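Q: I have a structure here, written as structure tokens, and I will follow up with some questions on it.
The values are calculated or read from the model by the stated rules, or taken from the named source; none is laboratory data. Everything numeric here is computed off the predicted structure, so don't read it as measured data. Don't worry about glycine lacking a Cβ; one is built from the backbone with ideal geometry, like all the others, and counts go over all protein chains shown.
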Amino acid sequence: MEHQNNVDNTSSTFLRQDALTRLEWNKITQYLAGFATFPHSKKTFSELEPWLELEDRNFFFTATSEMLDLNTETNGISLESFDFTLFQNFLQRGALLSPQALYQILITLKLCHSIQSFFKYEKSRATKYPNLFNLSNDLKPHMELHAKLNKSVDMDGNILSSASPELHSARSRLEHAKRKIVEQLDEILKKQDIRNALQDDVWMLRDGHYVLPIRADRKSGIEGIPRGVSQSGSTVFIEPQALAMQQAQLEKAQNDVEVEEQRILRELSKDCYLVHEDILSSSEILTQFDNIIARTKFAGVIHGIKPEFLKPRDLNPRFSLINAKHPLFLLENKKCIANDLHLAPKSQGETSPYVWVLSGPNAGGKTVAMKTVGIIALMAKAGLFVSCDKAEIQDYENIFVELGDRQNREEDLSTFSGHLAQIKRISEQANELSLILLDEGFVGTDPAIGVAMARSTLEYFSVKKATVIITTHFSNLKTLADNDSRFFNGSMEFEPHKLLPTYKLLNGIPGQSYAIELAERMGLNNNIIQKARTYYGSESERMENLLKELQLKRIEINEELTKQNLLTQKLDSEFKSLKNEKEQLSELRGDLVENYRNKLQKRLNAFENRLEIRERQFEKQKETLLREIHEISHKETIENNLEISQAQQNNLSEKNQNKLAPAQKKEIINTAKPQKLSGFEALSGIKLPKTTSAKSSPNYQSLDEKAERFRAPKNMSSRSLLDEARMSLQSLKNSFDDIEEQLHDDLDTLQEIEKSTKEKVRSAQQTAKEAQSQGRSPEFWKPGMSAKSTKLKEKGVVLKTADSKGNIECQFGILKIKIPYHELIPGNETLPKQNSSSPQKSSLNVKPLTKNFKKYHNLQDSEIPPTLQHGGNTIQLLGCTVDESLDKLDIELDKMHRMDVDRVVIIHGHGMGKIKESVRRHLEDSSYKLRFRGGRHGEGGDGVTIVEFDE
């Protein structure tokens, strides 16, 4: 029994290795090794076998996915090569480490620190890439040891002088001793007797001693120690006696350096040994990172995806590879046709076939398709991404291959007998978790016998529920799928008209060999071809013709399907275009509604502001009028009393006057007092003095003329001002009533506007294209170009190119402003005239506005940008009283708001601060929606106020 188990294990091992060889697995591992960074990683990949445990395989799948995502988000992790083998064994034994080995440890610690910092720098990476983060978290950088090694060794294997102060001092003494010897030698060479004895006018370093090359016949005249003779014997190398002391100092310094270097190596080796487990484990983790990075690069080259493993159930597919390509074609940059490779149930609820019979012409791609399934299965078992758009495959324990010629002269095996020997081994090991690939099975013998043996073998494998792919030209095998659900046909497409293979797989139908057609295409003698057709037989030819017609129909169907797909894509594109156009129209409609609403609100705000101006002026005139009425009444009462008093004096004597009753005196006194007036009720009983001035009874022709008179109240009488105020209030009320009627009329035209919106959009697009064709796009405007604005009369100069919003900075006189590009025209063109006959814009879905206008509480805002003063945006209030300032402020703000001035500069000065406080308090309660702030340095300081409209 034990002997049988050993035989089975040997046979299984042979079949596994044979499958790797036949499917060229070594080329896959060579490419993987090429993507690795560390030398030991390359060696590991070159020895990689695809039979990984499930846990390791899933780890590599997950880690590769995370690394692909990480590379997409960042520049990825960069590794520096280090050789693990230079220190592994020495470090484990605690042996003395060489400077080269210490430098490799330094690189290891350096990589540990950089990778850990990479993941800890961004905390979100811990949750995005948990496997990579956990792997990096196990690294041990040992920063103290890292810093010590960094100042002690370099990449060339040298110990640095910064390793210790003692080494630095010893090396300094050594260099000093060498320098003194060289200086002494230079002095010796200057002596004439020495120069006469020299073979060559130089000094040399021989076996660590500084010597002079002396001629052999003159050596007796030179004091020194002989340190060797040249090969010819004509030159004797003598160390001068004068260098004895310096040489001793040199040797001592050199010995000190060597002693200190050995001490440093022992100390560093000891430090490394104390943490050798951490260093070795970190090296293994870094090797894992190198492994993952290499797999990620491999996946990127083949555009790989993670495969999904299926449980071995009859209702599941054996394999389903969508748009599969052979990875070696991709790695070698060869042209490769993608195919859908399926062995799956024909419909839901049916069992999956076990045998896939691939047929078709020679050199049509059958073997490549079969090998693609095999190599993808091996890659999936090795935890590698596979070259498909989607891959589902059963988790096969073994992959067996019968591919190529097995004849062997030494073992006395023919092609057929070698083939049978391999089939025997496979049949002994086959089970439901076996994938068996048979290329041109059972050829090399009588075709009838070959067909019979092939069919019986395939049925045997299907009983064992093994998955089989067989390529064949046997016609009898192609018909098995017609009556047996265990078999499934597939064929490689061939273009009958061009007599060329397309390398596309056709599932579900058998394929013909096209051997006679290929022979005809290759120019074989026509007599041979015609006799072959005769010998082939009418029945076989009829079957081949049926297959040919079937393939032609399949091609026609595919072409029609392609046309339908293109038409569907075109319709989808048009549908999306219409949908986008509808959304754009909806947005445009909303913009039109909002713009019209803003204009209405703006107009109402202007009316409200004017109303407030008139109310305030009316209150002032009311007070003045009451004061004048009071004075006039008082004056008339006094005059009347004086007249009565005078008459009484004329009729009564002084005696009778003294006899008046106290009640009469009191009545006279009371009559002399002025009467009190309160409000307009008192005005009805008072007669005002008549005046002949034309201004007291104005006869204005229009509301504008009345408004002009009202804006100059000093030229009008009190009664005229009162009448003007009442007329203005009534006019405003009528204006607001007209606005409400107009709003209702505009809402009735909504349906007509909606119908014409699309035409307006097209017209706007055409106008934009025409503007761009005239060079009016944002990119057209360059610094230095002359330009005109539709809102400013004078010419300007472009200072900067357009920003991201299409605004272009220009200078008009002393004013620098940003203007939208579509409001500019070249300086040599004339501004377009406004068309006064353009139709009035109708309102859309406007919110109803009532006579109760909205009040805004405006606030100060320090974020208002700096503002340059000019004649068009400045309100001058210097020299005015508070009331005059507020009146002028309202009038000027109203005018600038109607002129669309964005920011206004109010100059009120400092003084006692009353005008400044009144102005800013008035701005807070203004009917306009605005923001304001005090001036800054360069704008006039706190003596000015900057206002910005928010509409």
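Q: Which of the strands (runs of 3 or more DSSP E) found entirely inside region 396-503 contain at least 1 residues meeting this: modelled with pLDDT of 90 or more, crowded, with 16+ Cβ neighbours inside 10 Å and under 48 Å from the mean Cα position of the chain (by Cα)?
A: The strands (runs of 3 or more DSSP E) meeting that bar are 398-402, 434-439, 467-471.
Q: Considering only region 324-353, state which residues are closer than 27 Å to HIS473 by Cβ and surrounded by fewer than 20 Cβ atoms within 10 Å (Cβ to Cβ).
A: PHE329, LYS334, LYS335, CYS336, ILE337, ALA338, ASP340, ALA344, LYS346
Q: Within region 208-223, restricting attention to residues that are at pLDDT 80 or above and within 19 Å of VAL182 (Cβ to Cβ), which residue is surrounded by the most Cβ atoms within 10 Å (Cβ to Cβ)?
A: Looking at the filtered set, the residue picked out is LEU212.
Q: While we're looking at this one, here's another question. Here is a list: GLN617, GLN601. Which entry is part of a helix (DSSP H, G or I) and at pLDDT below 75?
A: One residue alone meets the criteria, GLN617.
Q: Name the residues in region 183-199 that are without any contact (Cβ under 8 Å) to a residue 24 or more places away in the chain and surrounded by fewer than 17 Cβ atoms within 10 Å (Cβ to Cβ), would you?
A: GLU183, ASP186, GLU187, LEU189, LYS190, LYS191, GLN192, ARG195, ASN196, listed by residue number.
Q: Restricted to region 147-177, and to residues that are among the polar types (S, T, N, Q) and more than 42 Å from the chain's Cα centre (by Cα), which residue is surrounded by the most Cβ atoms within 10 Å (Cβ to Cβ)?
A: SER152
Q: Identify the residue in region 354-376 that is part of a helix (DSSP H, G or I) and among the aliphatic types (A, V, I, L, M) and, among all such residues, is surrounded by the fewest Cβ atoms within 10 Å (Cβ to Cβ).
A: VAL368
Q: Next question, about the same structure. Check ALA36, ALA63, ALA101 and return the single one that is surrounded by 16 or more Cβ atoms within 10 Å (Cβ to Cβ), of a type in the set (Gly, Ala, Ser) and farther than 14 Å from ARG295 by Cα.
A: The conditions single out ALA101.
Q: Across region 789-817, what is the number of residues that are at pLDDT below 85 and either more than 18 Å from PRO865 (Cα to Cα) or not in a loop (DSSP other than H, G, I, E, B) (or both)?
A: Residues that pass the stated criteria total 14.
Q: Can you tell me which condition LEU243 does not meet? The list is (1) over 60 Å from the mean Cα position of the chain (by Cα); (2) outside any helix (DSSP H, G or I), and all the others hold.
A: LEU243 satisfies every listed condition except (2).
Q: Still on this structure, I have one more. What are the residues in region 909-951 that are part of a loop (DSSP other than H, G, I, E, B), of a type in the set (Lys, Arg) and in contact with a Phe, Trp or Tyr (Cβ under 9 Å, 6 or more places away or on another chain), if any?
A: LYS929
Q: Only one of (1) without any contact (Cβ under 8 Å) to a residue 40 or more places away in the chain; (2) surrounded by fewer than 18 Cβ atoms within 10 Å (Cβ to Cβ) is not met by HIS908, so which one is it?
A: Result: HIS908 passes all but (2).
Q: Still on this structure: Tell me the residue from LYS929, LYS914 that is surrounded by fewer than 20 Cβ atoms within 10 Å (Cβ to Cβ) and either touching a helix residue (DSSP H, G or I) at 6+ places or on another chain (Cβ under 7 Å) or farther than 18 Å from ARG603 by Cα (or both), please.
A: Of LYS929, LYS914, the one residue that is surrounded by fewer than 20 Cβ atoms within 10 Å (Cβ to Cβ) and either touching a helix residue (DSSP H, G or I) at 6+ places or on another chain (Cβ under 7 Å) or farther than 18 Å from ARG603 by Cα (or both) is LYS914.
Q: Output the number of the condition that LEU145 fails; it satisfies all remaining conditions of (1) without any contact (Cβ under 8 Å) to a residue 60 or more places away in the chain; (2) under 17 Å from ASP271 (Cβ atoms); (3) not polar (S, T, N, Q).
A: (1)
Q: Quick test for you: out of TYR121, TYR129, pick the one residue that is in contact (Cβ under 8 Å) with a residue 40 or more places away in the chain and not acidic (Asp, Glu).
A: TYR129
Q: Here's another thing I want to ask about it. Checking LEU205 against (1) over 30 Å from SER172 (Cα atoms); (2) loosely packed, with under 12 Cβ neighbours inside 10 Å, which test does it fail?
A: The failed condition is (1).
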